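The values are calculated or read from the model by the stated rules, or taken from the named source; none is laboratory data. It should be emphasised that the depicted structure is a prediction, and the values quoted were computed from it without experimental measurement. FYI the Cβ positions are ideal-geometry reconstructions off the backbone, even for glycines, and counts take in every protein chain you see.
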2 protein chains.
Amino acid sequence: MSTSDSVHSPSPSSARLTRREQKERTRVALLDAALRLLERKSFSSLGLREVTREAGVTPTAFYRHFDSIEELGLVLIDDSFRTLRQMIRAARAEPRSPEHVIRSSVEILVRHVHEHRLHFRFIARERSSGLPAMRQAIRTEIRLFTSELATDLARFPYLDTWPTEDLGVVATLIVNTMVSTAEAIVDAPTDSREAEEEVIRHTEKQLLLIALGVSAWRRD
Amino acid sequence: MSTSDSVHSPSPSSARLTRREQKERTRVALLDAALRLLERKSFSSLGLREVTREAGVTPTAFYRHFDSIEELGLVLIDDSFRTLRQMIRAARAEPRSPEHVIRSSVEILVRHVHEHRLHFRFIARERSSGLPAMRQAIRTEIRLFTSELATDLARFPYLDTWPTEDLGVVATLIVNTMVSTAEAIVDAPTDSREAEEEVIRHTEKQLLLIALGVSAWRRD
DNA sequence: GAACTCTGTGCACAAGTGTTCACCGAATCG
DNA sequence: CGATTCGGTGAACACTTGTGCACAGAGTTC
């Protein structure tokens with residue numbers, strides 16, 4: 001039990017806190033605790049008391065921050081997708097020489113999955129299992145990402161003449177591949193470097209295959 | 001509450017039952033009840049009492065059939081994959097003219113998802129969320145399917161010269177696409193015919209794209 | 001500095017959970 | 001037919017859960 005420190009007795013680093021700071025501190029403590037527990041459990045089996053116990057807070061304190069665990073879950077999804085959007089922005093900012101776009105995209109994905117492992121794990125878990133509200137939120141977020149990718153694709157020469165539907169099909173295929181890759185990395189044991197290298201190699205080949213298919217598409 | 005019929009008072013169709021029959025009957029009643037509940041809940045939040053209540057049986061009766069709910073879950077996975085293997089056998093038995101292989105494969109997948117909606121839903125849910133034992137079981141089953149597909153691919157002309165690793169990459173890509181499609185269909189509202197038509201059309205295009213990519217692969 | 005605000009506490013409660021036990025009645029067996 | 005087996009019941013247990021209420025004590029405001 002390492003959670004013996006009460007929230008009331010502040011850590012030695014910060015002598016005294018304003019109320020806002022204090023409240024925010026236990027709020028993130030609750031969110032972190034939940035995320036930590038969600039590494040091993042699914043959200044639907046997550047208990048309010050369980051979270052507060054992990055956070056080192058009484059159950060009743062929970063209600064000062066959230067009306068229910070569902071609400072906390074939605075905040076968690078929001079946070080998770082915030083980091084994912086950061087990733088996408090990073091990927092777009094990258095200087096994109098066409099021949100290295102695949103390698104660098106996969107590299108960025110892998111790095112972000114490692115840096116925000118718990119967030120990705122949580123999304124992967126709840127994507128097809130969670131409460132309807134969560135699944136909906138996740139799905140629309142992924143859909144949004146997909147359509148952004150489609151408009152990005154439309155900027156490439158040759159692809160700019162494609163109908164939007166077909167661009168969407170390609171984008172969906174790419175996103176699905178990326179999602180599978182992310183899930184594979186999250187599920188893989190943390191230490192096995194070579195297993196991950198294999199996943200990366202496979203993903204790059206799959207994306208290359210898709211790219212080849214695209215360039216052969218209307219050549220009949 | 002339509003579960004008022006006790007298991008003890010046999011349905012009028014079958015006057016008297018042997019003990020084996022009777023036991024098997026409540027066993028499948030438990031499994032069916034669980035599967036029914038799992039359409040709306042995730043397995044980790046499934047309670048023993050909940051299942052027995054839905055099945056119209058006392059909680060203690062459960063232990064006459066399973067040691068725990070986890071065990072019931074594994075049986076459920078087994079059953080689910082039994083139907084999936086049926087599907088694969090059906091797909092392989094189909095006369096496979098190369099130009100229609102995509103259309104017929106997708107058609108078979110869609111039909112089976114509809115006929116065994118609850119099984120597919122269950123697998124989709126627990127694939128990335130369930131207990132470790134379940135996830136492991138599901139993953140190895142999908143992996144097995146993938147490698148079978150890879151050996152099938154190796155029988156095609158032109159592909160028979162490919163290294164097994166690359167065949168595996170292609171097979172994985174195809175299976176991922178199929179899994180995504182199955183999930184989309186299971187999640188879609190049951191009535192919307194046009195939404196499903198769109199999913200089918202997209203899937204076929206994606207598979208065609210992959211096929212094109214494959215045929216362009218070593219032409220550099 | 002006094003009055004107030006608010007975040008966290010402690011206690012209580014009803015409801016639900018998994019599991020054990022003795023028991024019952026009908027199918028099975030000698 | 002009598003004895004036995006066994007799939008079901010019902011009551012009881014020790015817990016855990018979510019939630020409500022009164023209260024404490026530190027931060028805030030006048």
Considering A:S80, A:S105, which residue is of a type in the set (S, T, Y) and over 16 Å from A:L207 (Cα atoms)? A:S80
I'd like to know if segment B:194-212 contains one or more residues that are modelled with pLDDT under 95, farther than 29 Å from B:D78 by Cβ, assigned by TED's automatic domain parsing to the domain that holds B:V101 and not in a helix (DSSP H, G or I). no
Counting only residues that are surrounded by 20 or more Cβ atoms within 10 Å (Cβ to Cβ), of a type outside the set (V, I, T) and more than 9 Å from every other protein chain (Cβ to nearest Cβ), how many does segment B:179-212 have? 3
Subset of segment A:114-133 [within 14 Å of chain B (Cβ to nearest Cβ), in a helix (DSSP H, G or I) and either aliphatic (A, V, I, L, M) or touching a Ser or Thr at 6+ places or on another chain (Cβ under 8 Å) (or both)]: A:F120, A:F122, A:I123, A:A124, A:R125, A:E126, A:R127, A:A133
Options A:E54, A:E50; residue that is more than 23 Å from the chain's Cα centre (by Cα) and either at pLDDT 95 or above or among the hydrophobic types (A, V, I, L, M, F, W, C) (or both): A:E50
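Give the residues of segment B:92-114 that are closer than 30 Å to B:S44 by Cα, touching a helix residue (DSSP H, G or I) at 6+ places or on another chain (Cβ under 8 Å) and exposed (fewer than 14 other Cβ atoms within 10 Å of the Cβ), sorted by residue number. Let's see the steps before the verdict.
In the first step, residues of segment B:92-114 are kept if they are closer than 30 Å to B:S44 by Cα; the result is B:109-114.
Next cut, touching a helix residue (DSSP H, G or I) at 6+ places or on another chain (Cβ under 8 Å) only: B:109-110, B:112-114.
B:H114 - this is the single residue of segment B:92-114 that is closer than 30 Å to B:S44 by Cα, touching a helix residue (DSSP H, G or I) at 6+ places or on another chain (Cβ under 8 Å) and exposed (fewer than 14 other Cβ atoms within 10 Å of the Cβ).
Against the definition (within 11 Å of DNA strand D (Cβ to nearest atom), free of Cβ contacts under 8 Å to residues at least 40 places away in the same chain, in contact with a Pro (Cβ under 9 Å, 6 or more places away or on another chain) and on the phi < 0 side of the Ramachandran plot), how does B:R19 come out, yes or no? Quick ask: steps written out before the conclusion?
Details: within 11 Å of DNA strand D (Cβ to nearest atom): yes; free of Cβ contacts under 8 Å to residues at least 40 places away in the same chain: yes; in contact with a Pro (Cβ under 9 Å, 6 or more places away or on another chain): no; on the phi < 0 side of the Ramachandran plot: yes.
No, not satisfied.
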Of the residues in segment A:22-66 that are away from DNA strand C (no atom under 13 Å from the Cβ) and outside any helix (DSSP H, G or I), the one that is nearest to the other protein chains (Cβ to nearest Cβ) is A:S42
Residue pairs, Cβ under 7 Å, 6 or more apart or interchain, first in segment B:53-70 and more than 14 Å from B:E24 (Cα to Cα) and without any contact (Cβ under 8 Å) to a residue 60 or more places away in the chain, second near DNA strand D (Cβ under 7 Å from one of its atoms) and of a type outside the set (G, A, S). List them. B:G56/B:V7
Condition (residue is in a helix (DSSP H, G or I) and within 16 Å of DNA strand D (Cβ to nearest atom)) applied to segment B:95-110: is it met by at least one residue? no
May I ask you to say which residue of A:T140, A:T172, A:T164 is within 24 Å of B:V175 (Cβ to Cβ) and within 14 Å of chain B (Cβ to nearest Cβ)? A:T172
Identify the residue in segment A:58-72 that is closer than 23 Å to A:G130 by Cα and aliphatic (A, V, I, L, M) and, among all such residues, is farthest from DNA strand D (Cβ to nearest atom). A:L72
Tally the residues that are more than 23 Å from A:S129 (Cα to Cα) and of a type in the set (S, T, N, Q), restricting the search to segment B:147-198. 4
I'd like the full set of residues that are more than 14 Å from every other protein chain (Cβ to nearest Cβ) and without any contact (Cβ under 8 Å) to a residue 60 or more places away in the chain, limited to segment B:148-161. B:L149, B:T151, B:A154, B:R155, B:F156, B:P157, B:Y158, B:D160, B:T161
